[in-house]
Number of protein chains: 2
Amino acid sequence: MDLDTLYLIDQKDDLGLEFSKLVSMMNYTRYTTIEAVKTLTIEELDFLYDEEANSIGMLLAHLAAVEKAYQIITFENRDLTEEELSILLPGLDLGSLGREQIKGNSIDFYLEQLAATRKTTIETFKTLPDEWLYVQTPFWWNRPANNFFKWFHVFEDELSHRGQIRLIKKMLLKHKAEKSQG
Amino acid sequence: MDLDTLYLIDQKDDLGLEFSKLVSMMNYTRYTTIEAVKTLTIEELDFLYDEEANSIGMLLAHLAAVEKAYQIITFENRDLTEEELSILLPGLDLGSLGREQIKGNSIDFYLEQLAATRKTTIETFKTLPDEWLYVQTPFWWNRPANNFFKWFHVFEDELSHRGQIRLIKKMLLKHKAEKSQG
């Protein structure tokens with residue numbers, strides 16, 4: 001990621017101008033997510049602040065699952081098959097299924113999953129004309145949504161969870177400080 | 001807010017096309033923030049999950065303070081004066097100063113503060129040409145940022161805190177359920 005253009009919502013290499021603006025925002029979002037998690041240990045990634053919590057690892061797996069789902073929804077213009085849904089469900093749904101299945105992974109595992117998913121997204125963006133972003137289909141509550149909104153949703157969901165990751169880290173550090181004092 | 005165009009990043013009334021896309025994202029963000037908080041009581045808005053926490057009320061005051069700061073930074077193209085900073089500081093900085101000063105307010109207080117601040121933003125956007133969004137100045141770490149990025153930052157910060165608000169609400173409801181059982 002080019003840090004010199006990180007704060008510019010503008011033309012990026014090999015992308016249409018409209019895609020460039022979207023990807024500029026996706027890039028900054030991802031940069032801040034990675035900054036928040038890149039030094040965490042497996043134990044920290046698995047930390048649950050209470051028995052109903054989502055761990056930071058679960059939230060990172062969620063980001064990749066959401067992006068994979070929106071690749072299908074927008075690039076293939078269809079809903080997920082039952083098989084695709086069952087594969088993505090622990091990450092998509094979070095909660096007890098995620099708590100059971102998403103743990104014990106290093107930060108590299110999550111970051112590689114995120115990078116591989118993002119690579120597919122960007123490669124596909126490069127093949128599409130800017131007008132594609134403004135194509136509308138019926139969406140939530142049968143209201144119209146365009147593809148720009150659907151990809152905005154992918155990064156706005158990431159930002160929301162990045163905020164949660166920062167909060168969970170704050171609780172985690174407090175928990176560790178109390179443990180080492182006690 | 002027009003719910004029929006909530007999922008469209010596209011032309012909005014009385015705004016240039018580039019401002020329209022930005023405002024489309026700001027609108028959706030604000031809609032989801034309001035949905036998360038609109039029924040909370042004063043006690044719930046003041047809830048602190050631990051002694052270092054930010055309450056939901058503090059986070060809402062923070063959103064308005066950040067937006068007011070960016071009005072000055074971008075519309076007047078200058079830093080905040082010491083007086084402006086001292087007024088906005090409890091909301092901007094959060095932490096102990098915010099915990100001391102921001103409490104006891106109803107949801108209407110916070111929502112009115114947010115709406116009044118947003119009104120100024122949109123009224124000013126309407127007077128500016130789309131090109132303004134792409135004007136660059138040196139910014140964090142002296143790297144260039146354009147005005148689109150600075151306003152993206154305003155809503156990406158809101159999304160991050162909206163995620164935290166949802167998490168704090170989850171802890172708050174658990175806390176209340178345990179209290180009523182105990």
| message | I'm told A:Trp141 meets every condition in (1) under 27 Å from A:Ala36 (Cα atoms); (2) within 11 Å of chain B (Cβ to nearest Cβ) except one. Can you identify the failing condition by its number? | response | (1)
| message | Pairs needed: first member in region B:101-119, farther than 13 Å from B:Lys38 by Cα; second member anywhere, surrounded by 13 or more Cβ atoms within 10 Å (Cβ to Cβ) and among the acidic types (Asp, Glu); C-beta distance under 6 Å; at least 6 residues apart or different chains. | response | B:Lys103/B:Asp46; B:Thr117/B:Glu67
| message | Would you confirm, using the coordinates I've provided, whether B:Phe148 is within 24 Å of B:Met25 (Cα to Cα), at the interface with chain A (Cβ under 7 Å from one of its Cβ atoms), among the aromatic types (Phe, Trp, Tyr) and surrounded by fewer than 22 Cβ atoms within 10 Å (Cβ to Cβ)? | response | no
| Are there any pairs, at least 6 apart or on different chains, whose C-beta atoms fall under 6 Å, with the first in region A:1-27 and under 13 Å from B:Phe148 (Cβ atoms) and the second surrounded by fewer than 14 Cβ atoms within 10 Å (Cβ to Cβ), and if so, which? | A:Gln11/A:Leu17
| Answer from B:Glu131, B:Glu156, B:Glu123 - the residue that is within 8 Å of chain A (Cβ to nearest Cβ) and among the acidic types (Asp, Glu) | B:Glu156
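Residues checked against (1) buried (at least 21 other Cβ atoms within 10 Å of the Cβ); (2) within 14 Å of another protein chain (Cβ to nearest Cβ); (3) of a type outside the set (Gly, Ala, Ser):
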residue: A:Tyr28; (1), (2), (3): yes, yes, yes
residue: A:Glu35; (1), (2), (3): no, yes, yes
residue: A:Tyr70; (1), (2), (3): no, yes, yes
residue: A:Thr81; (1), (2), (3): no, no, yes
| said: Among the residues in region B:3-10, are any crowded, with 19+ Cβ neighbours inside 10 Å and in contact with an Asp or Glu (Cβ under 7 Å, 6 or more places away or on another chain)? | reply: no
| Looking at A:Thr39, A:Thr29, A:Thr33, which is the one that is within 27 Å of A:Met171 (Cα to Cα) and part of a loop (DSSP other than H, G, I, E, B)? | A:Thr39
| query | With (1) within 29 Å of B:Leu3 (Cβ to Cβ); (2) crowded, with 19+ Cβ neighbours inside 10 Å as the list, and A:Leu114 as the residue in question, which single condition is left unmet? | reply | (1)
| said: Whether any residue in region B:55-68 is of a type outside the set (Ser, Thr, Tyr), out of contact with any Asp or Glu (no Cβ under 7 Å at 6 or more places or on another chain) and free of Cβ contacts under 8 Å to residues at least 24 places away in the same chain is what I want to check. | reply: no
| message | Just the residues that are crowded, with 17+ Cβ neighbours inside 10 Å, of a type in the set (A, V, I, L, M, F, W, C) and modelled with pLDDT of 95 or more, please, taken from region B:93-110. | response | B:Ile102, B:Ile107
| request: Among what's in region B:1-26 and is within 11 Å of chain A (Cβ to nearest Cβ) and not in a helix (DSSP H, G or I), pick the residue that is farthest from B:Phe152 (Cα to Cα). | output: B:Asp2
| query | B:Ala145: under 16 Å from B:His62 (Cβ atoms), among the small types (Gly, Ala, Ser) and in contact with a helix residue (DSSP H, G or I) (Cβ under 9 Å, 6 or more places away or on another chain), yes or no? | reply | no
| query | When only residues in region B:167-182 that are modelled with pLDDT of 95 or more and surrounded by fewer than 19 Cβ atoms within 10 Å (Cβ to Cβ) count, which is nearest to the other protein chains (Cβ to nearest Cβ)? | reply | B:Lys170
| said: For region A:42-51, which positions are touching a residue at least 40 places away in the same chain (Cβ under 8 Å) and either among the charged types (D, E, K, R) or exposed (fewer than 13 other Cβ atoms within 10 Å of the Cβ) (or both)? | reply: A:Glu44, A:Asp46
| In region A:28-40, which residue that is in contact (Cβ under 8 Å) with a residue 24 or more places away in the chain and not hydrophobic (A, V, I, L, M, F, W, C) is farthest from B:Phe149 (Cα to Cα)? | A:Thr39
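The values are calculated or read from the model by the stated rules, or taken from the named source; none is laboratory data. Computed from a predicted structure; not experimentally measured. We place every Cβ from the backbone using ideal geometry, glycine too, and count neighbours over all the protein chains shown.
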